[in-house]
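Asks: Take this structure, written in structure tokens, and hold onto it; I'll ask about it next.
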Amino acid sequence: MTLWALISGALLLLLGLAVICVLLYCAHILYIHRKYDHIPGPPRDSFFMGHSSTFVNPKNNGIVHDVFLEWVLKYGPVFRINLLHIVYVIVASPDTIKDLLMSSKHPKDKLYEQIFHLFGVRFLGKGLLTDRDHEHWHKQRRIMDPAFSRSYLMELMGTFNEKAEELMERLTALADEKTEARMHELFNKMTLDVIGKVAFDMELNCLHDDQTPFPQAILLSMQGMVEMRNPLVKFLPSKKKIIHEVQDAVRLLRKTGKECIERRQKMIQDGVEVPNDILTQILRGAVLEDDCDIEVMIDNFVTFFIAGQETTATQLAFAVQELARNPEILTKAQAEVDEVIGAKRHIEYEDLPKLRYLSQVLKETLRLYPSLPGTNRFIEDDLIVEGVRIPKNTTVMVSTYITGRMEEFFPDPLTFDPDRFSRDAPKPYFTYFPFSMGPRSCIGQVFAQMEAKVVMAKLLQRFQFQLVEDQTFKILDMGTLRPMEGTRCHLRVREKQ
């Protein structure tokens, strides 16, 4: 047999195997379709890709969550989406949301394992946000709980005030110069300075140093999470550059975290006095629990930096946007700040509960613009939702973005109305969960709202703001939701403070 015949035979064999694999894959997709097609849902974009093209490129350059909202209104509170051979089910039924989130029997889905790594580099790993093992997660949560106790959070008011004052100084300079302020960018830098200081005793100085690499590394990491939604991204030559940039960004975050943790561990071992910050609390708790896995500590370092600053910054930016678009609400919020805070520069912990209307403004902001739109759970048994059977071993997604914009739950949902959250207003029933709910709710939600209140109170105390006219109000999905144009404002110092 000639060499050419051997090569030809091998090629035919490989071709035959490829054809068999394709046929088997087609059969598997057909099986999946038949298994789930009793669940309502939109027509698939294609047999192989399902709804992938809609998911990656929503119509009108919008966000996929608006597409999901349209589908809920069209197909009902339970519908399926197909991505290649995988089916996800989205549910907008309050009773089912309660069952999924308030119980520990439904674990987080394997989707969270997709951000264990970003393009082969360990990212959030087994941190508090992504850990699917309930026992291991519960141990981590127990270790970290003291770092978010009321008594500890009260001690952070000094740093909240200090960093917020630095922002006010920056905004005053922009107002004096009549220079446009990009509020989301400024909030991002300030909240990064805050989380660096209060959590890890790091002076990042992002507000005053535009060259610091940390904000860019976080931004790139968030972009990487969005790029990962495209199942073919690793094979696209056009994405090679961004993938390398994301990998380098994640390495920088983890390298910084490792250095920070090891430096603090040495200080504790040497008996040096250490700051009573979140990192120290975590290390002490880890020793008590005999769980000092440094990789998991780094996972949480990265998790806290991303979740602890980006979500608060986006909430603040959207709050400014809506206050500027609703002058009567702005006037009411400023009147409350004037009454409670007056002209004093240091806001006390005791002042925060008195700012009731400002709390309503911040809650209404999260209803329309939740930083994290939703979460998911893995069901291990069949689940019946409003007469529709969801097969076991399925990922079920719930979205506070969807339920927060449904007329059924919030009349005139696109109107910004803080009175929805007044004391006398009816309370939303498992349709409003910007920090999730139940045992896996966000550990830092009180921290975030304290910080947001301090910053907004100072901003309302000092400034009038007007949106730049030529900007749109589109939303950008970067893993978290943010204003696409960054909430561009012109600021003017208030005459009476």
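Values quoted throughout were computed directly from the atomic coordinates according to the rules given, and no laboratory measurement underlies them. Quantities reported herein were computed from a predicted structural model and do not represent experimental measurements. With ideal geometry, Cβ positions are generated from the backbone for all residues, glycine too; neighbour counts draw on all protein chains shown.
Asks: Helix by helix, which DSSP H runs in the chain go 18 Å or more along their axis at the Cα atoms and have an average Kyte-Doolittle hydropathy of -0.5 or more?
Replies: 3-36, 157-176, 183-200, 213-227, 294-325, 327-340, 356-368, 445-462
Asks: Suppose we look only past 17 Å in the calculated P(r) of the stretch 452-492. What percent of the Cα-Cα pairs does that tail hold?
Replies: Roughly 48 percent, rounded to a whole number.
Asks: Would you mind ranking Ile294, Ile90, Ile243 by Cβ crowding within 10 Å, fewest neighbours first?
Replies: Ile294, Ile243, Ile90
Asks: Any chance you could run the full-extension gain for Glu162 through Ser103? It's 0.36 nm times the residue separation minus the Cα-Cα distance, nm to one decimal.
Replies: Taking Glu162 through Ser103 to full extension adds about 17.3 nm, to one decimal.
Asks: Describe numerically, in nm with one decimal, the distance between label points set 7 Å from Cα along Cα→Cβ at Glu185 and at Leu414.
Replies: Placing both labels 7 Å along Cα→Cβ, they lie 2.9 nm apart.
Asks: Take Val272, Val198 and order them by how many other Cβ atoms sit within 10 Å, fewest up front.
Replies: Fewest-to-most Cβ neighbours within 10 Å comes out as Val272, Val198.
Asks: Right, next: Suppose the Debye formula is applied to equal point scatterers at every Cα of the stretch 1-146; what is log10 I(q)/I(0) at q = 0.16 Å⁻¹?
Replies: -1.09
Asks: Within the stretch 424-497, which chymotrypsin sites (Phe, Trp or Tyr not before Pro) sit in a loop by DSSP and count at most 14 neighbouring Cβ atoms inside 10 Å?
Replies: Filter output for the stretch 424-497: Tyr429, Phe473.
Asks: With the Cα gyration tensor of the stretch 169-273 giving a ≥ b ≥ c as the square roots of its eigenvalues, does the rule (a/c under 1.5 for rounded; else a/b larger than b/c for prolate; else oblate) give rounded, prolate or oblate?
Replies: oblate
Asks: Can you classify the stretch 143-221 as rounded, prolate or oblate using the Cα gyration tensor, where a ≥ b ≥ c are the square roots of its eigenvalues, rounded means a/c under 1.5, and otherwise it's prolate if a/b beats b/c and oblate if not?
Replies: Oblate is the answer for the stretch 143-221, as a/c is 1.5 or above yet b/c matches or exceeds a/b.
Asks: Right, next: Measuring from label point to label point, each 7 Å out along Cα→Cβ, what is the His208 to Asp45 span in nm?
Replies: Here the answer is 4.8 nm between the modelled labels.
Asks: Here's a follow-up. Ignoring solvent entirely, what values of log10 I(q)/I(0) come out of the Debye formula for the stretch 359-472 at 0.10, 0.11, 0.15 Å⁻¹ when each Cα is a single scatterer?
Replies: Per q value, in the given order, log10 I(q)/I(0) is -0.41, -0.49, -0.84.
Asks: Arranged by the count of other C-beta atoms within 10 angstrom, fewest first, what order do Phe79, Phe301 take?
Replies: Ordered by Cβ neighbours within 10 Å, fewest first: Phe79, Phe301.
Asks: How many angstrom lie between the Cα centre of the stretch 208-270 and the Cα centre of the stretch 122-196?
Replies: Measuring centre to centre over Cα atoms gives 18 Å.
Asks: On a full-extension model of 0.36 nm per residue, what is the gain between Lys255 and Leu73, subtracting their alpha-carbon distance, rounded to one decimal in nm?
Replies: 60.9 nm
Asks: Here's a follow-up. In terms of the Cα gyration tensor, with a ≥ b ≥ c the square roots of its eigenvalues, is the chain rounded because a/c is under 1.5, prolate because a/b exceeds b/c, or oblate?
Replies: It is prolate, given that a/c is not under 1.5 and a/b is the larger ratio.
Asks: Report the label-to-label distance for Ile7 and Ala27 in nanometres (one decimal), using points 7 Å from each Cα along the Cα→Cβ vector.
Replies: Output for this residue pair reads 3.4 nm.
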